[in-house]
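Written below as structure tokens is the structure these notes are about.
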Amino acid sequence: MSSKMDATDASLPAPLITTIIPTMASKARAASLKRAITSIRAASKQPVAIIVVVNGTRSDPEACAWLADQPDVRLEFDAKPSAANAMLRGRELVATPFFTSLDDDDEFTPGALDLRLAAMQSDTCPDIVVCNGLRRDSTGDTLCYDDLPSVPAAPLPALFRMPWLSSCNSLYRTASIDAHFFRNFHSFAEWTWLAYQFGVAGKKIAVIDTPTFVCNDTAGSLSKSNEYEMAYLSLYERMLSLAPPAPVADLIRRRIGSFWHDQSVTALRNGQRLDALRHHVRSLRQPGGLRYLGYSRYLIPGWPQNR
């Protein structure tokens, strides 16, 4: 089910950029969703096509009615409650040369899309433009990335220093970033998996190291959930299945070792000593695992601990 955009003013140029917003359009997010759409309009001097994919079955009727009234918004509905699946649906509907995305609680800075478009249309002709941004919480604003310029030269190693791709920091060339990248997403870590796929595929990346978005820290985000943390083991295994270069594979296996060490610490804290020992052995088997050897004293009865 969808609500198609109204015909645009014939005096205006055709949009070059589509912004996709996956949202549940809940009553609690209605105000921030409107703010996000307002920020899209202020992000470019040119018209921007907006695709809002309402996912799940708990949307607020008033919020949806407001969306349906917006002349620059194409409103889509998908009963599956999945932001990643909604992003895929939005990508399938893109009909402009470039596209981006925005969470319903985040916002672009004024002129942000014009800056991204200028980088995209430069002589380097990148496939993806990634940008810095601001993370906003009750204490104020902090810069999201402190080493973003290192990404284009080595995207895969950089990914293990910082998650350089997010839902609101990029602009994609539609012709080279097709929908298949968004299929078979990895739950709770879809943007890390997406960035990894781009790196393996050798996509050309350009960087704008100035803030072009504001990421509002929202209580209850999926990134704070235990499921999000647990998803990373299968993510690392999936990364290895793509046969990355040996140095990158080593980085992934080190992350697996760190994952198992953290699981061991948690199990020991919960009194599950046998599970803690099993996880510890797994951590020791990974590259760099010997750095956890000293931790063994907490798991073996009678071992001097020298606390």
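The values are calculated or read from the model by the stated rules, or taken from the named source; none is laboratory data. The structure presented is a predicted model; accordingly, all values stated were derived computationally and were not measured. Backbone-built Cβ (ideal geometry, glycine too); neighbour counts: all protein chains shown. Ligands, DNA and RNA are excluded from the accessible area calculation, which covers all protein heavy atoms including side chains. Shrake-Rupley method; radii C 1.70, N 1.55, O 1.52, S 1.80 Å.
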Residues of the stretch 50-98 satisfying the condition of being of a type in the set (Lys, Arg) and outside any loop (DSSP other than H, G, I, E, B): Arg74, Arg89, Arg91
Within the stretch 35-87, residues being farther than 18 Å from Leu113 by Cβ, open to solvent by less than 10 Å² (accessible area, probe 1.4 Å) and small (Gly, Ala, Ser) number 2
From the residues in the stretch 235-256 that are more than 17 Å from Ala158 (Cβ to Cβ) and either among the basic types (Lys, Arg) or in contact with a Phe, Trp or Tyr (Cβ under 7 Å, 6 or more places away or on another chain) (or both), which one is most open to solvent (accessible area, probe 1.4 Å)? Arg253
Please verify whether Asp114 is out of contact with any Cys (no Cβ under 7 Å at 6 or more places or on another chain) and not in a strand (DSSP E or B), treating the condition exactly as stated. yes
Against the condition modelled with pLDDT of 95 or more and surrounded by fewer than 23 Cβ atoms within 10 Å (Cβ to Cβ), how does Asp114 come out, does it pass? yes
Of the residues in the stretch 208-231, those that are out of contact with any Gly (no Cβ under 7 Å at 6 or more places or on another chain), open to solvent by 40 Å² or more (accessible area, probe 1.4 Å), under 24 Å from Ile177 (Cβ atoms) and modelled with pLDDT of 75 or more come to Asp209, Thr210
Can you say whether Asp106 is open to solvent by 20 Å² or more (accessible area, probe 1.4 Å) and under 28 Å from Val200 (Cβ atoms), as far as the supplied structure shows? no
For Cys125, state whether it is in contact with an Asp or Glu (Cβ under 9 Å, 6 or more places away or on another chain) and either open to solvent by less than 40 Å² (accessible area, probe 1.4 Å) or not in a strand (DSSP E or B) (or both). no
Can you go through Ser167, Ser187, Ser150 and tell me which one is small (Gly, Ala, Ser), in contact (Cβ under 8 Å) with a residue 40 or more places away in the chain and open to solvent by less than 60 Å² (accessible area, probe 1.4 Å)? Ser167
